[in-house]
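Some notes on the structure that comes next.
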């Protein structure tokens, strides 16, 4: 022990210098947007390469479950396609020829290589980036439901802001009543989130499905968010306190799909010209 103390004492000047250097570097990164972005992207790529191997081992043991989920999803899609084909023969459906409306959304599949659920502000790293057409603000879903949004991208990687993030708000509605609000996590249980701003006349019930509203042109309408598990209303409260069991179990997240909205820029531009920036 004495030798250890002597070693630190003998090289105290060097250790002091290193501490000050790291502190100065931290100040530069924290207070300069360009340096902060470069550091974030570089460290993210480095960390992604390190953890991809360990994540691959975890994925190996969950392949059976993942294959079952993919098979179930394919079966559901085939069922919906068959129902749609049948409806074309029995209903008078208006023909839509505009390819941008038909192809309003397209999707990019990606693998999760890092994911956290234990913090108040959780993030997810995936193995696709700007080279694959990803950009900040794009929605992210899984076969189960909503996952989050793209926060930042490098050439080959992207970091997502998880639905399990106290800063993230997602427009959603109760499917049965069509009343809409915002889903926001309270930082407690990763299996549950809160649905806010549902008015007291809406009459939500345990078991109601909560889905995306489609109002922000980021998420397609009707993507599952979860199921109402608890409903409370104070005597004089204007809004319900609603707890939602999330459709996606984030502790088992392995693959995601990034949603690229082809009409979002047009919608945002029109709203900006019409409404402007409220002061």
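All of 211, 183, 244, 206 fail the test of being buried (at least 19 other Cβ atoms within 10 Å of the Cβ), at pLDDT 95 or above and more than 30 Å from residue 129 (Cβ to Cβ), apart from 244.
Quick one: which residue in 18, 4, 14 is surrounded by fewer than 10 Cβ atoms within 10 Å (Cβ to Cβ), modelled with pLDDT of 70 or more and either in a helix (DSSP H, G or I) or in contact with a helix residue (DSSP H, G or I) (Cβ under 9 Å, 6 or more places away or on another chain) (or both)? The match here is 4. Is it the case that residue 137 is outside any strand (DSSP E or B) and in contact with a strand residue (DSSP E or B) (Cβ under 9 Å, 6 or more places away or on another chain)? Taking the combined requirement at face value, the residue satisfies it. Residue 174 satisfies every condition listed in (1) surrounded by 15 or more Cβ atoms within 10 Å (Cβ to Cβ); (2) in contact with a strand residue (DSSP E or B) (Cβ under 7 Å, 6 or more places away or on another chain); (3) within 25 Å of residue 57 (Cα to Cα) except (3). Taken over the stretch 170-185, residues that are within 12 Å of residue 146 (Cβ to Cβ) and outside any strand (DSSP E or B) amount to 1.
What residue, among those in the stretch 92-119 that are surrounded by fewer than 17 Cβ atoms within 10 Å (Cβ to Cβ) and closer than 14 Å to residue 250 by Cα, is modelled with the lowest pLDDT? Can you show your working first?
If we filter the stretch 92-119 for residues that are surrounded by fewer than 17 Cβ atoms within 10 Å (Cβ to Cβ), which is where we start, we get 92-107, 109, 111, 116-119.
Then drop every residue that is not closer than 14 Å to residue 250 by Cα, which leaves 111, 116-119.
Details: 111: 88, 116: 93, 117: 94, 118: 93, 119: 93.
Per the stated criteria, the residue is 111.
The values are calculated or read from the model by the stated rules, or taken from the named source; none is laboratory data. Since this is a predicted model, take the numbers as computed values, not measurements. All Cβ positions, glycine included, derive from the backbone under ideal geometry; neighbour counts span all protein chains shown.
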